[in-house]
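Asker: I am attaching a structure below and will ask some questions about it afterwards.
The values are calculated or read from the model by the stated rules, or taken from the named source; none is laboratory data. On a predicted model such as this, the values are computed, not experimentally measured, just so you know. Here the Cβ is made from the backbone with ideal geometry for all residues, glycine too, and neighbour counts use every protein chain on show.
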Amino acid sequence: MIPAVMPTYARADLAFERGEGAYLFGTDGRRYLDFAAGIAVVALGHCHPHLVKTLQEQGSKLWHVSNLYRIPEGERLAQRLVDSTFADTVFFTNSGAEAWEGATKLVRKYHYTRGNPKRWRIITVTNSFHGRTLAAISAAKGEKLIKGFGPLVDGFDQVAWGNLNELRAAITDETAAICVEPIVGEGGIKTATPEYLRELRRVCDEFGLLLFFDEIQCGYGRTGKFFAHEWAGITPDVMCVAKGIGGGFPLGAFLATEEAACGMTPGTHGSTYAGNPLATAIGNAVLDIVLADGFFEQVERTGQQLRAGLEALVKRHPTVLEEVRGKGLMLGLKCVQPSDQMVPELRAAGLLTVGAGENVIRILPPLTIGAAEIAEAISILDTVCAARASKAVAHA
Ligand SMILES: *Cc1c(COP(=O)(O)O)cnc(C)c1O
């Protein structure tokens, strides 16, 4: 019999009743160190007091009015995002996929508005992930994402990740934009080099394309800058954001320059819930913390400490771990063997992580962790790796 909750997820048999900072408390009575953070969503840890207070205050004042009216909390959040990024304008959404797809519509509308309606195709790269809507799976093209869901949405041409020759060769007079994740998340924590991102900018300028970054996972402070592309010293024309932006409350956004958004006039796009007073009040509370002095520097320092610990583990357990990937607190441990067993082993030992492509274990802790949590995570990883290494020897 089919479960009441449609069985599309391979869930662990584990539930939680409470969270506090980097810890989750299971209904099994155990405490877990949460280095998955709801897949990079709970960026400020569970039940951050400032977010709880905002939720309670706004929750007893006003939740939802629709986009028929002005929403001061949303106007304030949009202005703060504009003030701290390349963007001139922001559209709020309820999820990452909705943000990605809205940005895709913006790209098409831009060229249409500029008198180039034939320019509507977007170049994407292998190993990418942009969400689960029909257009987002059509763009990412991963086998597991698309099987059985065809025919796909047309208009997405894929080239190999990191390959600029292939990318240049794929540009035609129908190409509208290039879309990449500056750090690939689901695909296995692959960090684009600054040179690659700068070359993408150059190619877009040369051919009149929009540069479109998906920073849903790598953005919002996770790498030690507000957005990951800042490390390369370039800016995109359009960018989608979600995950960390609401700290656990469903919220996303796409941001664009004034020029790129030239076609997004009244009536062209919408979403009933999106950017409501409750969601955007919480978005502002998240920004209060993320944009406070020293926050990004702290993430960078913490990321370096965690990375050093992980690098030491790779040296100690070369038969289990191959390398550390990523930047800031968006880190990946590439395993020698398939990683699908390691995530449950770590969970049983009290550490929550999340799998990714290429046998990578994603380490995505709250951005607020400190030295004690890092030490605890490294110690659990060390124990689990040692058990794996000795098992491998016993089998040999
Ligand atoms: C999570 C993610 C998405 C999709 O976000 P949803 O909120 O699940 O729709 C899109 N792109 C990237 C890079 C992501 O990590």
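Asker: Does T319 satisfy the condition of being assigned to a loop (DSSP other than H, G, I, E, B), surrounded by fewer than 19 Cβ atoms within 10 Å (Cβ to Cβ), at pLDDT 95 or above and outside the structural domain of H229 (by the TED database)?
Answerer: Yes; evaluated as a whole, the condition is true for this residue.
Asker: Now a separate question. Where residues in the stretch 224-245 are surrounded by 24 or more Cβ atoms within 10 Å (Cβ to Cβ) and either part of a helix (DSSP H, G or I) or without any contact (Cβ under 8 Å) to a residue 24 or more places away in the chain (or both), which of them is nearest to the ligand (Cβ to nearest atom)?
Answerer: K243
Asker: Taking the stretch 173-218, which residues are hydroxyl-bearing (S, T, Y) and either within 10 Å of the ligand (Cβ to nearest atom) or within 22 Å of the chain's Cα centre (by Cα) (or both)?
Answerer: Matches in the stretch 173-218: T191, T193, Y196.
Asker: Sticking with this structure for a sec: Condition check: over 24 Å from the mean Cα position of the chain (by Cα), among the polar types (S, T, N, Q), surrounded by fewer than 21 Cβ atoms within 10 Å (Cβ to Cβ) and in the same structural domain as P266 (by the TED database). Does N94 satisfy that?
Answerer: no
Asker: Follow-up. Condition check: in contact (Cβ under 8 Å) with a residue 12 or more places away in the chain and within 14 Å of the ligand (Cβ to nearest atom). Does G221 satisfy that?
Answerer: It is false that G221 is in contact (Cβ under 8 Å) with a residue 12 or more places away in the chain and within 14 Å of the ligand (Cβ to nearest atom).
Asker: Check E101 against each of (1) assigned to a loop (DSSP other than H, G, I, E, B); (2) within 16 Å of the ligand (Cβ to nearest atom) and name the one condition it does not meet.
Answerer: Failing condition for E101: (1).
Asker: Among the residues in the stretch 23-31, are any of a type in the set (S, T, Y), closer than 27 Å to P365 by Cα, more than 23 Å from the chain's Cα centre (by Cα) and assigned by the TED database to the domain that holds G248?
Answerer: Looking for residues that are of a type in the set (S, T, Y), closer than 27 Å to P365 by Cα, more than 23 Å from the chain's Cα centre (by Cα) and assigned by the TED database to the domain that holds G248, one finds none in the stretch 23-31, hence no.
Asker: Just give me the residues in the stretch 345-396 being surrounded by fewer than 15 Cβ atoms within 10 Å (Cβ to Cβ), of a type outside the set (A, V, I, L, M, F, W, C) and touching a residue at least 40 places away in the same chain (Cβ under 8 Å), in sequence order.
Answerer: Hit for the stretch 345-396 is G370, nothing else.
Asker: Within the stretch 44-59, how many residues turn out to be within 21 Å of G219 (Cα to Cα) and either part of a strand (DSSP E or B) or in contact with a Leu (Cβ under 7 Å, 6 or more places away or on another chain) (or both)?
Answerer: 3
Asker: Ok, one more. Suppose we filter E186, E206, E199 for residues that are modelled with pLDDT of 95 or more and part of a loop (DSSP other than H, G, I, E, B); which single one remains?
Answerer: Selected residue: E186, the only one of E186, E206, E199 that is modelled with pLDDT of 95 or more and part of a loop (DSSP other than H, G, I, E, B).
Asker: Continuing with the same structure: Tally up the residues in the stretch 122-134 that are surrounded by fewer than 21 Cβ atoms within 10 Å (Cβ to Cβ) and either more than 12 Å from the ligand (Cβ to nearest atom) or farther than 18 Å from E186 by Cα (or both), please.
Answerer: 2
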